[in-house]
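The values are calculated or read from the model by the stated rules, or taken from the named source; none is laboratory data. Predicted model only: the values in this text are computed from it and were never measured. Accessible surface is based on the protein model in full, side chains and every heavy atom, while ligands, DNA and RNA are left aside. Shrake-Rupley method; radii C 1.70, N 1.55, O 1.52, S 1.80 Å.
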Amino acid sequence: MKIKQYISCALAATLMLTAAVTGAVDKAHAQAQVQTYKASTSYSPEASQGQWSYQKRSGQVFSDLTYNAVNKRWDYNGSYPWVSSNAGHPGKDFDAVRKWVAPANGKISIRGTVRKGDDLGDGVTAIIQKDEETLWSSTIKNKSEVTPTGVSNIEVQQGTAVYFIINRVSSINNDHTVWDPDISFTPAEGSADDIIAHEPKKAIADTSASTTVNVLSCGAAADDNKDDYPAFAACLDQAKQLGKSLYVPQGTFHLGRILTLDGVSLKGAGSALTTLVSTDPEKGSIDIKGSGVHLTNLKHEYQSVVPRGSGANEKNSITVRGANDFLIDDIYVDKASTAGILVQGQASNGTISNSRVEATNADGIHITDGSSYITVSNNIVKAAGDDTIAVVSYLQDGPPVHHVTIKDNDTGYNSKARGIAVVGGNHIEIQGNSVKDTYMAGIYIAVEGSYNTANVNHVHIDSNLIDHTGTAKPQNHPNALVYASQGVIDNVTFSNNTFQNAAHRGLGVWGDGDIRNIFYTKNTLINSIGANTTFSKGIIHLAQNIGF
């Protein structure tokens, strides 16, 4: 009995000791399970430190930012959006994103307040998103701290991404946002020993031989009447990084903002198949920047337009902003609040061809601001709100427009000003065009004091058909007019042209400026209304003309 009792006591003691040890271990293990990931504590120039990384978002497409050692923040090309240790700032096209990736299966609870850096601006939208599910969002308008709700005990799987997103409301002015999220992570049972640093998911590089990125891959959807701009912005960014162009398939896509092609080409399935619709009549331009951009094979239209007003370039259909080696081909421009296609910023070596422009509130095609070596060919321009095709050089812009070729275009059709106009510029070739039914002169070569334009020199107008232009009263423009109210016009040559059916008079040269050598050689004038020629200024050279 005594031996048995001793054994029983020893066994009991052993069991009690084992239980105590096991309980202590379990308690220590449980305490070790809860892990804290604070954004500012784990912030690093290296991505994926402490499960955190830094990105930008357009629509639902995320891509990595780059660390800026000077500013000690992650940003996009040295600008917006950016993310710092405890704050972020969205950009015009991309949201600022701080990303955390779950190291194992388990649950998370999120703490930390959000506030604006100041009380200015129109605010930001702060969003917490788990993979594609929105957990919480709120518009933050001032420095008052806002605490996210509904973000406790959220189940996650290993590799689940949690995004802390700062989205602009409208303007990005004063959108500095202070946000230092803190995540408590509790692993699921059995996964505590499996926690590893998880590499954030990255976009898989396209290793195919294709040279394009399809906009559908970024979330755009044809014919759904939803704004596809975020998908376009994301795919343009992706295409630029990959050195590819952006392809837009058949269908109608809507754009809520100005679309910028900065060194990236965009191609549709054809101007009768692919349509881009700008929904903001004040900001609907497709902007072209950088080198080698081709915009081809699509239709661009405004859903609605507003009056021309001051002629802001944001309201054009297409604006070439200082680009070089660009091509605009097989584009159908249908309506614009200002110009159809505008070329500015000393753009150079560009071609606008095989396109159709109509129903604009300003010029159909306008070349200005020192641009050079531009070819405008085989286009149709109808019902423009001002000139159909114009070269304009303002003195305040510096060097004049030069070396422009305008050839084989079909223009007019009740356009509300001149047909083809050169108002300041030199070395301009106007060849083989048809101009008919414009309110003002079919061909207009001028220096205008009211617009303070540059001089004109070396303009050659050859083999054009000018038919029934100058229809507006009381202006009573001739089919072709050379006019100077200031400055100098010299070396303008008309050759092999046919001028017919003028609404009020045939040809004119007049004005108070200095008009010098004007040449008419082998032209045909068929005129039955008003004076055949009104040459009241300049040195007029006539040779082998018919009907003068």
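For the reader, a short list of remarks on this structure follows.
- Cα-based equivalent ellipsoid of the range 391-517: semi-axis lengths in Å, sorted from largest, via gyration tensor: 22, 16, 13
- The calculated P(r) of the range 258-391, using every Cα pair and 5 Å bins from 0, goes 3, 12, 24, 27, 23, 10, 1 in percent.
- The chain - percent of accessible surface contributed by carbon and sulfur, probe 1.4 Å: 49
- Gap separating the Cα centres of the range 113-177 and the range 301-333, nearest whole Å: 35
- Convex hull (Cα only) mean projected area of the range 459-548, reported in nm² to one decimal: 5.1
- At q = 0.05, 0.06, 0.11 Å⁻¹ the log10 of I(q)/I(0) for the chain amounts to -0.33, -0.44, -0.95, computed by Debye summation with a single uniform scatterer per C-alpha, solvent ignored.
- The ratio of the alpha-carbon radius of gyration of the range 93-196 to the globular-protein estimate 2.2 N^0.38 Å is 1.17.
- Sorting ASP223, ASP287, ASP93 by accessible area puts them as ASP223, ASP93, ASP287; the probe is 1.4 Å, largest comes first, and only protein heavy atoms count.
- Over the chain, accessible surface divided per residue gives 43 Å², non-protein components excluded, 1.4 Å probe.
- Length-normalised contact order for the chain - Cα pairs under 8 Å, 6+ apart - percent: 6
- For the range 350-458, the fraction of alpha-carbon pairs in successive 10 Å shells from zero, as %: 17, 51, 30, 1
- Inter-part distance where the range 460-479 and the range 212-278 are each reduced to a Cα centre, Å: 40
- For the range 496-548, the relative contact order works out to 45 percent when only alpha carbon pairs closer than 8 Å and six or more residues apart are counted.
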